[in-house]
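Structure first, commentary second.
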Amino acid sequence: MKTVITLVVLVAAAALALPGESFAQRGMGGGMGGAYTRLYNQQTVETVSGQVLSVDKVAPRRGRLYGIHLMLKTADGEISVHLGPGWFIDRQTMKIAANDVVDVTGSRITYEGKPAIIAAQVKKGGETLELRDSRGFPLWSAMRSK
């Protein structure tokens, strides 16, 4: 009996030590019911153009998976653009870097009290990075991080 209890405690401790999904992965649309997915609103979809000031890896806590955000300088000022989980963005052929000029189509939201865009599509030159379908459903939701 003591061996079984010890085994259960060890398994539970190991499970807690493993990094879980971050807000950047799960919250940014890990599934249709994710909190962040619910923020995507088809009624607030717009396209903005601008210069990428920075490409940032954002993790809610140390040891968690990260998401990719852009800081975009537009004619109306700077705005944060939330792309998706790092593991998904890193697998795409189109790469985005500081000083790139891009067109972003997505849902304008308020995140942590500031305006932001949850991107559905990013265009750079002749390339297009598709992130969400026409309903705002994240394309990575059917994929698994490996």
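What is the sum of charges around Val122, taking Lys and Arg as +1, Asp and Glu as -1, for the other residues whose C-beta is under 9 Å from the C-beta of Val122?
-1
Counting heavy atoms of the protein chains only and a 1.4 Å probe, report the per residue accessible area for segment 84-146 as a whole number of Å².
I get 54 Å² per residue for this part.
Is the C-alpha gyration tensor of segment 42-146 telling us rounded, prolate or oblate? Criteria: a/c under 1.5 is rounded; beyond that, a/b larger than b/c is prolate, otherwise oblate.
Because its axes are fairly even, with a/c under 1.5, segment 42-146 counts as rounded.
Counting only other residues whose beta carbon sits under 15 Å from that of Gln42, what net charge do I get with K and R as +1, D and E as -1?
Around Gln42, the surrounding residues sum to +2.
Share of antiparallel DSSP beta bridges in segment 37-146, in percent to the nearest 5?
Roughly 90 percent of the DSSP beta bridges within segment 37-146 come out antiparallel.
Excluding Ser80 itself, calculate the net charge of residues whose Cβ lies under 10 Å from the Cβ of Ser80, where each Lys or Arg counts +1 and each Asp or Glu counts -1. Don't skip to the end; give the middle numbers.
Details: positive: Lys114; negative: Asp56, Glu78, Glu112.
Net charge around Ser80: -2.
The values are calculated or read from the model by the stated rules, or taken from the named source; none is laboratory data. Note that the structure is a prediction, hence the values are computed from the model and not measured. Neighbour counts are summed over all protein chains in view; Cβ atoms, including those assigned to glycine, are modelled from backbone coordinates with ideal geometry. The protein model used for the area step is the full one, side chains on, heavy atoms only, and it has no ligands, DNA or RNA in it. Shrake-Rupley method; radii C 1.70, N 1.55, O 1.52, S 1.80 Å.
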